[in-house]
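See structure below.
The values are calculated or read from the model by the stated rules, or taken from the named source; none is laboratory data. Please read all numbers here as calculations on a predicted model, not as lab measurements. Note that we place each Cβ from the backbone using ideal geometry, even for glycine, and neighbour counts take in every protein chain shown. With ligands, DNA and RNA removed, areas are computed over all heavy atoms of the protein, side chains included. Shrake-Rupley method; radii C 1.70, N 1.55, O 1.52, S 1.80 Å.
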Amino acid sequence: MKRFDRPGRAGLRGCSAALLAVMLLLCPARLLSADPVRVLVVGLEGEALKNVQAALAIPPGLVREGRVDLLWLERFASQAEENARRALEPFGYYRAQVKVVTEAPEEGSHLLRVEISPGDAVRVDEVKVAIQGSGSQEAPLQEMADAFPLRKGDVLLHQLYERSKAALQGRAQEMGYRDAHFSVHEILIDESLSASRIGLVLETGDRHRFGKLTIQGAPDYPETFLQRYVTFRTGEIFSPARLVETQRNYLDSERFREVRVIPGASESPGNTVPVTVELTQAPSQSLRAGLGYGTDTGARFTVRYRDLNLFSRGHEISENLFISERLQGLASTYIIHGIPDAKSFFSAQINLQQEDIDAYRSRLVSSEFSLNRSFRAKMLGAAYLRLLYEDSTLGEGNSRYFSVLPGLRLADDRYDHPTHPRSGFRYMVEVRGTHEALGSEMGLFQGIAEGSRLTPLPWSLTLHTRAAAALTVLSDPLSQLPPSLRFFAGGDQSVRGYAYKSLAPRDSEGDLAGGKHLLSGSVELERALYKDWSVSVFYDAGNAFDSFSSFRLHQGAGVGVHYYTPVGALNFSIARQIGRDDPSYRIHFTVGFQL
């Protein structure tokens, strides 16, 4: 009999510019560069093919400065057969026939052709999973053991076996059985290499609970403030996930450079586990400046000052100065973090802003008081009360507006990289409204939703999708509403091919008036070229409008070039209007990742 309990060695790891962009998007990566050594695997598909390809990846150094080390290549080819066989074992293929042929299709190039006939996969003939120890009667553990995914007649998949085994052990540990381990964990394969038997015995040991908590290394912060990041209390059932969550809470606060959460040895009586949190403080004060450019805003300059431990109480204050050609603003925010948990805080913000664009000119002062709570990861909900005073010129009319505006907001932001993301999503949903009884000059209700998503695709492609929608219900004519509460479309992050906020209903004089409602969307297909460059084709559509019966869809399409730097992306695109009698082109340029 052969005995195995391991995964495979390789692991389970409208213009010429538009036409050029499409060609670059669709052509395979291997056509962009000629590799002197290539490996071609024939006879497989799916995950098995990917695993064999990973096992037969060309090792670094085999090709240097375009020259192939022939002795190394010969040794690599001689090992390819065994490496391919081992890479197939995690998928149940133990009788694969592998043939390796080295070819030289042209001078200076080498092709390693690997022909594989995987044969019949090993099937599971018997599965025995048992729970022993103090937790043997725990219903969740018994249910997982009874529902072990590999059953009689299934193909022996090592990855599924390892994943299911780890899940069972992890569930026991999360239930407080800190020392849970497998006293038996084996796969027995018969001599014919056609059938297998799985045997697992989980020893749970005794259940443990959290013991004494000690926090060290942060003398500038109050003890009560530090404890708000801790997700467990003395006497609760011990859970490794709670330790990880506690460490993440400290790190996410940006107040600590290094965090170690260390469980100690179990103590009697009661099998309690003492926990020590070791913190290394980061500087609480920071000053950052930034430069950028966008077709919508023009050149821009930002400065942010931040203090994360005001009055040595963990309070936070930030001052943000934003200056661009069309928009200037100063925002001051004061945050008091909730106790005893790390998921809530109170914030007060004062915002001074001036915006001068073709559609309108606006000066506003606002203050916002909000209760905020995070739910998971970066999901944040807020209930707020905003006081708004705005002096504006829109078309030929001047107005002053005051409003007391309560609202609710929910937002989430999860991208896999801050400056060069390849997957993730963002969304924001907000409802707000007011009434004359609150002291506002008019009653209104608004609902706003916007979101975007990055979806990785084969052949180094990424699909960008974006959408936004807004709805307004008014008690008075739209003419009484200030620009900051009206909607406009057009620009870098809306409908490209049109100027910033140039799409909206117009008044009787032909001036932009803004709309009560908004609908817009975008689809963009991006193709990576090398490490930091990419090209894309896109289609945008949308408009701001006052009624659905008068809604007109404005469209734009074009091509883009993107260069990613450590501090953000440089995005250059050319967009052409669609569906117009006299369509025009517009160049859009932005610095920084925006979606």
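Residues checked against (1) open to solvent by less than 70 Å² (accessible area, probe 1.4 Å); (2) of a type in the set (S, T, N, Q); (3) modelled with pLDDT of 90 or more; (4) within 30 Å of ARG197 (Cβ to Cβ):
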| residue | (1), (2), (3), (4) |
| --- | --- |
| LEU26 | no, no, no, no |
| LEU49 | yes, no, yes, yes |
| ALA54 | yes, no, yes, yes |
| PRO59 | yes, no, no, no |
| GLU81 | yes, no, yes, yes |
| ALA84 | yes, no, yes, yes |
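Criterion applied to ASP206, ASP307, ASP296, ASP220 was being at pLDDT below 95 and within 28 Å of the chain's Cα centre (by Cα), and the one residue passing it is ASP296.
Among the residues examined, SER484 does not qualify as part of a loop (DSSP other than H, G, I, E, B), open to solvent by less than 70 Å² (accessible area, probe 1.4 Å) and out of contact with any His (no Cβ under 9 Å at 6 or more places or on another chain). LEU471 falls short on exactly one of the conditions (1) on the phi < 0 side of the Ramachandran plot; (2) in a loop (DSSP other than H, G, I, E, B); (3) open to solvent by 70 Å² or more (accessible area, probe 1.4 Å), and that condition is (2). Within the range 330-381, being part of a loop (DSSP other than H, G, I, E, B) and aliphatic (A, V, I, L, M) holds for ILE339, ALA342, ILE357, ALA359, ALA377, MET379. Of everything in the range 519-549, what is more than 19 Å from ILE578 (Cα to Cα) and assigned to a strand (DSSP E or B)? Give them in sequence order. Residues satisfying the conditions are GLU526, ARG527, ALA528, LEU529, TRP533, SER534, VAL535. Here TYR384 qualifies as at pLDDT 95 or above, of a type outside the set (A, V, I, L, M, F, W, C) and farther than 30 Å from LEU463 by Cα. VAL431 - would you say it is among the β-branched types (Val, Ile, Thr), open to solvent by less than 30 Å² (accessible area, probe 1.4 Å), over 30 Å from GLU526 (Cβ atoms) and in a strand (DSSP E or B)? Here the answer is no, as VAL431 does not meet what is asked. Among the residues of the range 216-225, just one is part of a helix (DSSP H, G or I) and surrounded by 13 or more Cβ atoms within 10 Å (Cβ to Cβ), namely PHE225. Selection of the range 241-283 for residues being more than 30 Å from SER134 (Cα to Cα), open to solvent by less than 40 Å² (accessible area, probe 1.4 Å) and under 26 Å from the mean Cα position of the chain (by Cα) yields ASN249, TYR250, SER253, ARG255, PHE256, VAL259, ALA282. Evaluate the range 445-467: report whether one residue or more is of a type in the set (A, V, I, L, M), open to solvent by less than 20 Å² (accessible area, probe 1.4 Å), in contact with a Gly (Cβ under 6 Å, 6 or more places away or on another chain) and within 30 Å of TYR530 (Cα to Cα). Yes, that holds for at least one residue.
Every residue, every condition in (1) under 17 Å from GLU396 (Cα atoms); (2) over 30 Å from the mean Cα position of the chain (by Cα); (3) modelled with pLDDT under 95, yes or no:
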residue	(1), (2), (3)
GLN480	yes, yes, yes
GLY491	no, no, yes
GLY497	no, no, yes
TYR500	no, no, yes
GLY510	yes, yes, yes
LEU519	no, no, no
ASP532	no, no, yes
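Which residues, counting only those in the range 369-406, are hydroxyl-bearing (Ser, Thr, Tyr), over 21 Å from PRO483 (Cα atoms) and touching a Phe, Trp or Tyr at 6+ places or on another chain (Cβ under 8 Å)? Before the answer, list the steps.
Start the filter on the range 369-406 by keeping residues that are hydroxyl-bearing (Ser, Thr, Tyr), which leaves 370, 374, 384, 389, 392-393, 399, 401, 403.
Narrowing further to those that are over 21 Å from PRO483 (Cα atoms): 370, 374.
SER370 - this is the single residue of the range 369-406 that is hydroxyl-bearing (Ser, Thr, Tyr), over 21 Å from PRO483 (Cα atoms) and touching a Phe, Trp or Tyr at 6+ places or on another chain (Cβ under 8 Å).
Beta carbons closer than 6 Å, at least 6 apart along the sequence or on distinct chains, pair a first residue in the range 161-184 that is farther than 21 Å from ILE198 by Cβ with a second that is among the basic types (Lys, Arg) for GLY176/ARG207; TYR177/ARG207. Exactly one residue among ARG233, ARG228 is closer than 24 Å to ARG373 by Cα, among the charged types (D, E, K, R) and open to solvent by less than 50 Å² (accessible area, probe 1.4 Å), and that residue is ARG228.
Listed here are the residues, each with its yes/no results for (1) closer than 26 Å to VAL52 by Cα; (2) exposed (fewer than 13 other Cβ atoms within 10 Å of the Cβ); (3) at pLDDT 95 or above.
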{"position": "ARG123", "(1), (2), (3)": "yes, no, no"}
{"position": "GLU138", "(1), (2), (3)": "no, no, no"}
{"position": "ASP146", "(1), (2), (3)": "no, yes, no"}
{"position": "LYS152", "(1), (2), (3)": "no, yes, no"}
{"position": "LEU160", "(1), (2), (3)": "yes, no, no"}
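Out of all the residues in the range 361-417, which are small (Gly, Ala, Ser), open to solvent by less than 40 Å² (accessible area, probe 1.4 Å) and within 30 Å of the chain's Cα centre (by Cα)? Scanning the range 361-417 gives SER370, SER374, GLY381, ALA382, GLY407, ALA411. Looking at GLU441, GLU450, just one residue is of a type in the set (Asp, Glu) and modelled with pLDDT under 90, and that residue is GLU441.
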